[in-house]
Amino acid sequence: MHASLILRVSAPLLLWVPLVISFYLLVRGHNAPGGGFVGGLVAASGLVFFAMARGQTAALAVMRLPPASWCGVGLLLAAGSGFLAWLDPSAGYLTHRWWFPDLPVKLPLNTAFIFDVGVYLVVIGTITAMVFALVAED
Amino acid sequence: MHAPELILLLPLLLGIAAAIVVACLRPAQAAPVGAATAAVCFALYLGLAGGAPVSAAFWAVPSLGVSGGLRLDGLAALFALLITGIGTLVLLYAGSYLKGDPRLTRLVVLLLVFMVAMLGSVTANDVITLFIFWELTSLTSFFLVAYDHEKLEARKAALQALLITGGGGLALLAGLILVAIAAGTTSLTGIIAAREAVLAHPAAVPAMLLVILGAFTKSAQFPFHFWLPNAMAAPTPVSAYLHSATMVKLGIYLLARFSPVYGDEALWQGLLTWTGLLTALVAAVLAFRETDLKRVLAYTTVTALGTLTMLLGLAPELSAMAAVTFLTVHALYKAALFLTAGILDHETGTRDASALGGLRGVMPWTAAAAVLAALSMAGLPPFLGFVGKEIVYEAAVAADGGAGLIVLGAFLVNTAGVAIAGLLSWRIFFGARPATPKAPHDPPIAMLAGPVVLATFGLLAGLAPSLLGGWLLDGAAASILGHPPTTYLALWHGFTPILALSVVTVLLGALLTLFWPRLMRGLQASRALDRFGPGHGYDRALAGIVACAEATTAMVQHGSLRGYIRLLLLVAALGPLVVLIAYDGAAWPADPVLDPRALAFGMIAAGAVATAIARGTLAAVMALGLVGFGAAIVFLTFGAPDVALTQFTVEVLLVVILATVLLRLPVHGRDTRTTRQRSGDAVVAVVMGSSVALLLLAVLAAPFDPRLGDWFGQNSVPGGHGQNVVNVILVDFRALDTLGEIAVLAIAAFAVIALLRGVARPLRRGN
């Protein structure tokens with residue numbers, strides 16, 4: 001089945017706009033509506049749109065890694081972010097750490113964001129894996 | 001780490017390390033490395049045996065009241081020496097017995113893991129450690145019995161052994177936990193010290209029965225005895241090691257361990273004495289039905305286990321020494337005889353006792369070992385078996401209640417033992433020699449070493465029993481008694497009535513050996529034994545479980561997708577309804593406030609109606625999307641922007657996915673349901689809707705507790721540096737929950753990929 005010409009031409013737009021929005025949602029998530037979960041959903045919908053328009057092969061090429069690997073990388077990031085808590089021996093696993101470097105711009109560095117990126121990647125991986133597996137292509 | 005901790009842990013670590021190393025070796029190198037490891041462990045325990053008990057604490061879970069560790073006292077040392085000593089010989093033997101078998105590496109690894117599990121079980125000083133290693137022995141036994149897994153018989157026997165010992169293991173776990181709760185500690189020494197508390201606990205009797213059940217299944221007591229002969233499907237080294245010398249004695253070990261706690265209880269004594277005696281007699285009779293050497297030996301092992309159980313049921317003052325002596329005697333001669341049976345099988349090509357004879361001339365060394373071991377089994381002086389049999393008779397004669405019956409039982413069992421010993425030595429190695437499938441000769445030294453060493457040791461120890469007693473057995477009996485034993489071992493007790501009993505035993509046994517073929521055929525002809533045995537009951541129970549599972553599966557997994565969904569929805573709807581009605585929870589909010597924002601609900605209602613009356617599937621999906629967007633708007637207007645955002649995205653994705661899938665399925669025509677089906681679906685929908693509505697109303701009627709929300713609201717910025725409370729909860733306060741959730745997501749993704757791989761093209765990197 002071939003997607004319509006309009007869909008095929010607008011495919012990059014349908015991919016990159018959600019991806020940019022998703023990243024914005026991810027970054028602002030800690031202080032405003034958003035976060036890794038919603039961000040991942042938005043990014044995944046962009047990828048699914050792209051797959052509908054250009055085919056799964058093209059979508060997988062954009063993703064570079066297979067969806068299952070995205071899940072794995074995300075889980076590793078999320079689980080790994082918790083180990084940094086032990087820089088303080090009395091803190092429990094997944095107690096997030098924050099650094100506020102002395103810079104002209106406000107730049108809070110923290111492990112909570114790494115955790116959220118992990119969530120983001122797992123959500124993208126899960127949804128694309130399920131959709132691509134469900135919607136077989138020959 | 002201190003010295004005792006290291007030295008108790010060392011054999012276990014060595015065994016595990018050796019198992020890992022052996023796993024990387026070629027089959028020819030595996031057995032020698034395994035045997036060397038076992039020998040080193042043997043030497044370690046040899047250095048520790050006979051001394052004061054050594055104990056070391058390793059681990060504890062204070063919040064659960066668990067304190068664990070290892071302890072080596074007399075009883076543990078006796079077992080550890082048997083395990084590592086016989087282990088060394090068996091591993092050496094296995095390398096030669098299974099020469100050229102590519103699976104030899106696996107066998108050696110499993111035997112080493114088993115050895116570690118056994119050592120852990122007998123040196124454990126807390127019930128949790130004991131139980132973990134106990135289960136590990138069942139598990140390794142399963143894999144070892146199923147060594148020839150291409151054979152149906154081996155698989156069935158392995159499963160049977162696992163189900164019975166594993167089921168008993170569950171009972172044991174329950175019993176041990178009850179005992180630990182009653183004693184207030186999981187430590188074995190602590191439990192023995194808290195004897196009064198354990199016995200006074202309301203659940204004392206069930207706890208004791210559960211522990212006994214665990215021990216009886218492991219040690220193949222009636223009516224669980226049938227798994228042991230079937231486990232003979234394992235290779236002979238495994239049978240010699242697990243199913244005669246060590247693992248099946250673990251139940252005996254457990255009973256001995258708990259003897260200081262329960263030994264004076266009438267129920268304990270009665271159960272152990274009479275079950276043990278019954279087991280011994282039943283197995284002695286069944287042993288005469290068999291011609292397969294290994295099965296004969298297996299039944300005599302059951303007989304010995306029954307005798308041991310019986311001894312532990314007699315008053316401990318008398319029987320502790322008898323039990324540990326007979327246990328040692330039996331382990332020595334039975335392992336030797338098993339290994340001999342393996343040699344016969346290996347060299348002649350058959351292990352049918354009725355087809356063998358006169359092998360003395362062609363296999364002199366094997367014959368010598370077998371005769372020595374058999375003489376010990378028959379209990380003739382000056383073998384250790386004689387010492388063992390004398391002391392068993394002494395304990396039986398001195399029994400408090402039913403001494404006459406016990407002595408008679410012990411007499412019959414011993415007579416059968418003499419007869420079988422005669423069968424295994426005299427009938428096989430002397431007399432005329434029938435033709436065998438292979439031309440027999442003595443096996444290589446690696447295979448001969450086991451039976452020769454074990455049988456010789458039985459002779460030497462019999463000549464100087466007080467040496468063995470003072471060094472090892474006194475300490476083991478002291479562990480059971482709680483104080484040093486008052487009896488002592490001796491070869492010659494003078495002309496006593498017990499000696500007369502021994503003489504009669506031997507004579508009658510020899511007579512039975514002469515008439516063995518006739519006796520065997522007579523018993524084999526009796527079909528009643530097959531029909532009513534517990535083994536038959538096991539088969540029926542197993543078939544019943546399978547039939548029950550098939551019926552349930554057929555009922556639940558009927559294959560109708562609509563049926564699945566209907567069932568799921570009905571259960572989800574009726575669950576809350578039943579709870580609401582049962583607890584009288586249905587309620588109407590106290591002051592319903594009509595909010596103009598609630599108009600957004602109109603959109604949801606419209607969507608729902610449109611879904612219900614839509615004629616095409618695609619239209620229904622679109623209408624369902626309307627419901628979702630309506631819900632998102634509700635979230636938005638009532639101040640949950642995060643939830644709304646997620647809901648919007650999910651709805652977009654859902655519609656896109658459903659549309660994509662539906663476009664590829666041949667269902668985008670009109671609704672094919674009949675009016676009857678549609679009305680059925682409507683009922684389900686109404687029930688589901690009403691249930692949720694009632695539930696929500698009841699929730700709203702309950703007083704709202706704002707403590708959690710307030711706490712998170714106040715602590716979000718100072719504790720999590722974030723304004724968005726929802727996100728701070730997700731990634732910080734409840735990060736572990738989120739980690740679990742994303743792990744579930746990923747697992748679900750992998751499951752979908754695995755399930756649909758056959759349908760969909762394999763997911764791989766595009767090129």
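The values are calculated or read from the model by the stated rules, or taken from the named source; none is laboratory data. Here the structure is a predicted model, which means the values were calculated and not measured. Cβ coordinates were reconstructed from backbone atoms using ideal geometry, including for glycine residues, and neighbour counts include every protein chain displayed. Remember, those area values only see protein heavy atoms, side chains included, never the ligands or the DNA or RNA. Shrake-Rupley method; radii C 1.70, N 1.55, O 1.52, S 1.80 Å.
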Inverse of mean 1/r across different Cα pairs in the protein assembly as shown, Kirkwood, Å: 32.9 Å
Excluding exposed DSSP-loop trypsin sites (Lys or Arg not before Pro) (at most 16 other C-beta within 10 Å), longest clean stretch of chain B: B:152-437
Principal-axis tilt of helix B:152-183 within chain B, Cα atoms, nearest 10 degrees: 80 degrees
Positive minus negative residues near B:ARG518 (Lys, Arg vs Asp, Glu; Cβ under 14 Å): +3
Value of [θ]222 nm, deg cm²/dmol, for chain B, DSSP H segments ≥ 4, -39500 (n - 2.57) each, nearest 500: -24000 deg cm²/dmol
Heavy-atom accessible area ranking, 1.4 Å probe, most first, across B:GLU394, B:GLU741: B:GLU741, B:GLU394
4 °C / 1.567 mPa s Stokes-Einstein diffusion coefficient of chain B, Kirkwood radius on C-alpha pairs, µm²/s: 42 µm²/s
Restricting region B:544-615 to chymotrypsin sites (Phe, Trp or Tyr not before Pro) in coil, as DSSP defines it, with at most 10 other Cβ within 10 Å: B:TYR583
Separation of alpha-carbon centers, region B:164-195 and region A:6-22, rounded to whole Å: 64 Å
Tensor-based shape of region A:58-127 (alpha-carbon gyration tensor, a/c under 1.5 rounded, otherwise prolate or oblate): oblate
Region B:108-215, dipole about Cα centre (Lys/Arg Cβ +1, Asp/Glu Cβ -1), debye to the nearest 20: 100 debye
Coarse-grained scattering of region A:5-134 at q = 0.22 Å⁻¹, given as base-10 log I(q)/I(0) from a Debye sum over alpha-carbon atoms: -1.21
Structure-based [θ]222 nm, chain A - -39500 (n - 2.57) summed over DSSP H runs of at least 4, per residue, nearest 500: -21000 deg cm²/dmol
Prolate/oblate/rounded label for region B:32-110 (Cα gyration tensor, a/c 1.5): oblate
Among the listed pairs B:LYS218/B:LYS389; B:LYS249/B:LYS294; B:LYS294/B:LYS334, those beyond 20 Å (Cα-Cα): B:LYS218/B:LYS389
Å² of accessible area per residue within chain B, as computed with a 1.4 Å probe and no ligands counted: 44 Å²
Distance between region A:56-117 and region B:369-432 - C-alpha centres, whole angstrom: 72 Å
Apportionment of accessible area to carbon and sulfur, region A:5-134, percent (1.4 Å): 75 percent
Check: the protein assembly as shown dipole with +1 on Lys, Arg Cβ and -1 on Asp, Glu Cβ, in debye: 2700 debye
Longest site-free stretch - chain A; sites: trypsin sites (Lys or Arg not before Pro), DSSP loop, at most 12 other Cβ within 10 Å: A:1-63
Region B:214-264 and region B:1-63: distance between their alpha carbon centers, rounded to Å: 23 Å
When region B:1-152 is reduced to its Cα atoms, the Kirkwood hydrodynamic radius in Å: 15.9 Å
Protein-only accessible surface order, largest first, of B:CYS24, B:CYS548 at 1.4 Å: B:CYS24, B:CYS548
Rg(Cα)/(2.2 N^0.38 Å) for region B:244-358, N = residue count: 1.20
Carbon plus sulfur fraction of accessible area for region B:150-262, probe 1.4 Å, in percent: 73 percent
For region A:1-75: rounded, prolate or oblate by the Cα gyration tensor [a/c cutoff 1.5]: oblate
Selected from B:GLY720, B:GLY263, B:LEU454, residue furthest toward positive end of dipole (the protein assembly as shown; charges at beta carbon): B:LEU454
Top positive-direction residue, dipole computed over chain B with Cβ charges, set B:THR303, B:GLY639, B:MET321: B:THR303
Dipole magnitude (debye, nearest 20) for chain B, charges at Cβ of Lys, Arg, Asp, Glu: 2640 debye
Pairwise burial A:B, computed as accessible area of each alone minus the pair, summed, 1.4 Å, Å²: 4200 Å²
Residue of A:TRP16, A:TRP98, A:TRP70 that the Gaussian network model of chain A assigns the largest fluctuation, springs spanning Cα pairs under 10 Å: A:TRP98
